[in-house]
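Engineer: This is the structure I have questions about; it appears just below.
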Amino acid sequence: MKNPDLSLSDLGSYFPDDFTPEQRAKAQTLFLKELAATSHKFYRGKIASIPKAGIYGFNWFNVYYTPGVSMVSTSIRDNNDASFDMTNRGNLVAIVSDSTRVLGDGDVTPSGGLGVMEGKAFLMKYLGGVDGVALCIDSYNKEGKHDADKIIDFVKMVQPSFGAINLEDISQPNCFKVLDTLRDECEIPVWHDDAQGTASVTLAGLTNALRVVGKDMKDVRIVLLGAGAANSTAARLILKDGADPDKMVVFDSRGGLHKGRDDVKADKAFYRKWEIAEATNPKRINTIEEAFKGADVVIAASTPGPDTIKREWIGSMGKKSIVFACANPVPEIYPYAAKEAGAYVVATGRGDFPNQVNNSIGFPGILKGALMVRARKITDEMAIAAAHSVADFAEKKKGINPDYIMPTMEETEVFAMEAADVAMQAIKDGVARVKLEWDYVYKQTLVDIKEARDAIDLLMKNDLIKTPDLKMLEDARDKAVAAVKK
């Protein structure tokens with residue numbers, strides 16, 4: 001057992017050698033949670049504002065503020081699109097959440113979501129060169145219920161300050177109404193990362209997993225566990241990309257979706273689920289056991305496990321089966337267990353296991369591409385273009401195999417490639433305000449990412465970002481080990 005190092009590069013070695021695979025997986029989860037709590041207290045959050053303009057003398061404040069800035073205000077007044085050139089709006093995303101569906105923890109109160117939203121902003125900057133602002137809001141109405149219209153009104157009010165909106169961790173059914181309304185009524189792209197983002201990277205992972213096992217999208221039987229924002233959107237994108245709806249079954253907490261589900265049909269708030277029910281599962285399969293038999297693919301975004309998916313279910317699947325267990329923070333089944341049960345390709349939403357199918361590979365590049373061409377919305381076709389971009393990058397970069405179907409966050413070029421492909425699709429779809437060449441978007445994205453990382457490196461080098469004591473890591477590890485042994 002090794003002591004943790006700051007790189008966190010070998011998590012498995014931090015725990016006792018006699019731990020079983022299940023104990024080791026539990027220990028890793030607990031270690032990351034303990035370290036998150038202590039490191040967030042140490043840094044007091046992850047994001048701070050810092051100027052991007054130089055100060056060469058105090059009279060520059062008269063340029064940046066009053067009286068000089070008056071000309072900026074009147075210029076934007078006369079042409080609102082000038083705000084993209086004269087302010088940071090063109091590279092700024094609002095990360096908006098009412099914190100009602102945060103990871104596997106559910107409703108954590110508005111301010112409870114700040115850690116996640118700050119993390120989103122951190123990833124946007126480091127991976128995509130995009131600035132993000134965490135905005136956790138109170139969506140309660142006078143009746144004490146979470147109100148979709150309050151979120152809609154808030155986003156409409158703040159959209160003049162941002163180039164795009166990233167919706168995050170909004171519970172269903174509000175998430176569907178909020179996204180669909182704002183996509184139609186806002187002048188900037190409104191993106192729900194739990195829906196479109198997760199769906200896009202899921203499609204990317206599925207594309208390469210099918211390449212690995214030598215199967216075609218149109219031929220495979222697909223089971224989706226969970227019918228929330230992620231899987232309902234994943235189903236839509238997968239079907240648009242060529243899957244056979246007659247070979248797809250989607251489960252919510254009450255069973256398989258199909259035309260006989262009058263309960264879903266009657267609840268107008270869940271119209272996205274009803275669209276799936278109408279389009280898929282003509283045999284009206286209603287049990288998970290029946291759906292798994294002979295299935296080629298299982299995509300789960302449901303209840304955190306590790307026993308949500310049973311080994312025997314996977315054992316009943318077809319040859320060279322594909323299992324995506326993407327619940328966070330704990331997958332529906334651990335990868336080692338899924339492989340032991342017979343799965344050929346296994347993916348999760350976590351970076352400490354192989355094949356991370358996580359929206360962190362998607363949203364930094366997708367939002368960057370949309371921002372650079374000043375898109376008015378992010379279409380489904382743009383999300384599918386991003387999925388193909390990610391999948392093709394992995395295949396061409398290293399060559400794919402059962403343990404590598406997705407690029408990792410360390411492969412910087414994937415975000416630039418994705419940004420350029422998304423930007424081109426936005427132009428093709430007619431939602432871009434400006435037209436740019438693919439090479440320009442690709443190269444400028446790499447420049448912006450490098451500048452962001454150089455700035456962070458400079459702050460760390462000069463101790464303006466403090467280095468945590470290794471004891472913090474060791475204490476987190478020891479607590480995790482003790483909890484597992486107990």
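Engineer: Please go through segment 331-351 and give me each residue that is over 14 Å from residue 209 (Cβ atoms) and over 16 Å from the mean Cα position of the chain (by Cα), ordered by number. If you could, list the steps in order and put the result at the bottom.
Structural biologist: Keep residues of segment 331-351 that are over 14 Å from residue 209 (Cβ atoms), which gives 331-334, 336-337, 340-342, 349-351.
Listed by number, the residues that qualify are 332, 333, 334, 336, 337, 340, 341, 342.
Engineer: Follow-up question, since we're still on this one. Looking at residue 153, is it within 28 Å of residue 49 (Cα to Cα) and either in contact with a Pro (Cβ under 8 Å, 6 or more places away or on another chain) or not in a helix (DSSP H, G or I) (or both)?
Structural biologist: Values: within 28 Å of residue 49 (Cα to Cα): yes; either in contact with a Pro (Cβ under 8 Å, 6 or more places away or on another chain) or not in a helix (DSSP H, G or I) (or both): no.
No; evaluated as a whole, the condition is false for this residue.
Engineer: Would you check if there is a residue in segment 112-127 being surrounded by fewer than 17 Cβ atoms within 10 Å (Cβ to Cβ) and touching a Lys or Arg at 6+ places or on another chain (Cβ under 6 Å)?
Structural biologist: Yes, segment 112-127 has at least one match.
Engineer: Against the definition (within 16 Å of residue 202 (Cβ to Cβ) and not β-branched (Val, Ile, Thr)), how does residue 328 come out, yes or no?
Structural biologist: Numbers: within 16 Å of residue 202 (Cβ to Cβ): yes; not β-branched (Val, Ile, Thr): yes.
Spelling it out, residue 328 is indeed within 16 Å of residue 202 (Cβ to Cβ) and not β-branched (Val, Ile, Thr).
Engineer: From the list 53, 94, 121, 27, pick out the single residue that is of a type in the set (A, V, I, L, M), touching a Phe, Trp or Tyr at 6+ places or on another chain (Cβ under 8 Å), touching a residue at least 60 places away in the same chain (Cβ under 8 Å) and closer than 27 Å to residue 371 by Cα.
Structural biologist: Working: 53 fails: touching a residue at least 60 places away in the same chain (Cβ under 8 Å); 121 fails: touching a Phe, Trp or Tyr at 6+ places or on another chain (Cβ under 8 Å); 27 fails: closer than 27 Å to residue 371 by Cα.
Result of the check over 53, 94, 121, 27: 94.
Engineer: Within segment 248-275, can you find the residues that are of a type in the set (D, E, K, R) and within 24 Å of residue 196 (Cβ to Cβ)? Can you show your working first?
Structural biologist: First pass over segment 248-275, keeping only residues of a type in the set (D, E, K, R): 252, 254, 259, 261-263, 265, 267-268, 272-273, 275.
Once the filter is applied, which keeps residues that are of a type in the set (D, E, K, R) and within 24 Å of residue 196 (Cβ to Cβ), segment 248-275 yields 252, 267, 268, 272, 273, 275.
Engineer: Of all residues in segment 252-278, how many are in contact with a Pro (Cβ under 6 Å, 6 or more places away or on another chain) and surrounded by fewer than 17 Cβ atoms within 10 Å (Cβ to Cβ)?
Structural biologist: Of all residues in segment 252-278, those in contact with a Pro (Cβ under 6 Å, 6 or more places away or on another chain) come to 269-270.
Filter once more, keeping what is surrounded by fewer than 17 Cβ atoms within 10 Å (Cβ to Cβ): 269.
Of the residues in segment 252-278, 1 are in contact with a Pro (Cβ under 6 Å, 6 or more places away or on another chain) and surrounded by fewer than 17 Cβ atoms within 10 Å (Cβ to Cβ).
Engineer: Within 23 Å of residue 214 (Cβ to Cβ) and in contact (Cβ under 8 Å) with a residue 60 or more places away in the chain - does that describe any residue in segment 404-427? Break it down stepwise before answering.
Structural biologist: Taking segment 404-427 first, the residues within 23 Å of residue 214 (Cβ to Cβ) are 404-407.
Restricting the remaining residues to those that are in contact (Cβ under 8 Å) with a residue 60 or more places away in the chain gives 405-406.
Looking through segment 404-427, at least one residue is within 23 Å of residue 214 (Cβ to Cβ) and in contact (Cβ under 8 Å) with a residue 60 or more places away in the chain.
Engineer: While we're looking at this one, here's another question. Scan 429, 439, 448, 454 and give me the residue that is crowded, with 17+ Cβ neighbours inside 10 Å and more than 22 Å from the chain's Cα centre (by Cα).
Structural biologist: 429 is the lone residue from the list that is crowded, with 17+ Cβ neighbours inside 10 Å and more than 22 Å from the chain's Cα centre (by Cα).
Engineer: Scan segment 166-186 residue by residue and report those that are under 20 Å from residue 234 (Cα atoms) and not in a helix (DSSP H, G or I).
Structural biologist: Within segment 166-186, 166, 167, 168, 169, 170, 171, 172, 173 meet the criteria.
Engineer: Looking at (1) over 16 Å from the mean Cα position of the chain (by Cα); (2) part of a loop (DSSP other than H, G, I, E, B); (3) surrounded by fewer than 24 Cβ atoms within 10 Å (Cβ to Cβ); (4) not acidic (Asp, Glu), which one does residue 313 not meet, given that it meets all the others?
Structural biologist: If we test residue 313 against (1) over 16 Å from the mean Cα position of the chain (by Cα); (2) part of a loop (DSSP other than H, G, I, E, B); (3) surrounded by fewer than 24 Cβ atoms within 10 Å (Cβ to Cβ); (4) not acidic (Asp, Glu), just (2) comes out false.
Engineer: Pairs, please: C-beta under 7 Å, at least 6 apart or cross-chain, first residue closer than 11 Å to residue 16 by Cβ and in segment 465-486, second outside any helix (DSSP H, G or I)?
Structural biologist: 477/4; 481/15; 481/16
Each reported figure results from applying straightforward, stated rules to the coordinates on display, with no laboratory input. Remember, it's a predicted structure, so these values are computed and weren't measured experimentally. Here the Cβ is made from the backbone with ideal geometry for all residues, glycine too, and neighbour counts use every protein chain on show.
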